[in-house]
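Student: Got a structure here, written out as structure tokens. Questions coming.
The values are calculated or read from the model by the stated rules, or taken from the named source; none is laboratory data. Source: prediction; values computed, not measured. No Cβ is skipped: glycine too gets one built from the backbone with ideal geometry, and neighbour counts run over all protein chains shown. The area values use the complete protein model at the heavy-atom level, side chains included, leaving out ligands, DNA and RNA. Shrake-Rupley method; radii C 1.70, N 1.55, O 1.52, S 1.80 Å.
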Amino acid sequence: MKYTPVRREFDDLFDDDWFGAFGGKQLMRTDVREKDGKYFLDIELPGYKKEDVKVQLSNGTLTVTAAHNESSEEKDKKGNVIRQERYTGNASRSWYVGDG
């Protein structure tokens with residue numbers, strides 16, 4: 001099958017990596033580092049602010065949760081809404097770190 005530029009872009013739209021970015025597969029990419037007997041987590045949370053993130057340790061399980069709600073609207077000179085957008089995103093990830 002011959003691909004045109006538009007067809008290739010359309011097929012790329014449905015590529016697993018693209019959908020994963022919005023479906024959670026790519027969200028909260030985490031690197032775990034150990035230094036001097038301590039563990040550090042570097043978590044990517046694009047679009048989230050520090051105050052959107054909550055960390056909890058319970059029964060040996062470390063849970064990181066992020067929730068973000070945003071809305072914006074544009075009005076014309078008469079006050080009529082001409083565009084309104086909303087975004088809500090939640091992500092959560094847990095690791096068993098032990099009881100000690």
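Student: If you check every pair at least six apart or on different chains, which have Cβ atoms under 7 Å apart with a residue in the range 74-96 that is aromatic (Phe, Trp, Tyr) first and a residue that is assigned to a loop (DSSP other than H, G, I, E, B) second?
Tutor: Tyr96/Gly60
Student: On to the next question. Among the residues that make up the range 25-43, is at least one of them out of contact with any Cys (no Cβ under 9 Å at 6 or more places or on another chain) and modelled with pLDDT under 50? Let's see the steps before the verdict.
Tutor: Pass one, the range 25-43, residues out of contact with any Cys (no Cβ under 9 Å at 6 or more places or on another chain): 25-43.
Next, only the ones that are modelled with pLDDT under 50 stay: 25.
Among the residues of the range 25-43, at least one is out of contact with any Cys (no Cβ under 9 Å at 6 or more places or on another chain) and modelled with pLDDT under 50, which makes the answer yes.
Student: Here's something else I'd like to know. If we keep just the residues of the range 56-73 that are of a type outside the set (A, V, I, L, M, F, W, C) and open to solvent by 80 Å² or more (accessible area, probe 1.4 Å), which is nearest to the chain's Cα centre (by Cα)?
Tutor: Of the range 56-73, the ones of a type outside the set (A, V, I, L, M, F, W, C) are 56, 58-61, 63, 65, 68-73.
Those left that are additionally open to solvent by 80 Å² or more (accessible area, probe 1.4 Å): 56, 59, 69-71, 73.
Working: Gln56: 18, Asn59: 26, Asn69: 12, Glu70: 14, Ser71: 17, Glu73: 23 Å.
Ranking the candidates gives Asn69 first.
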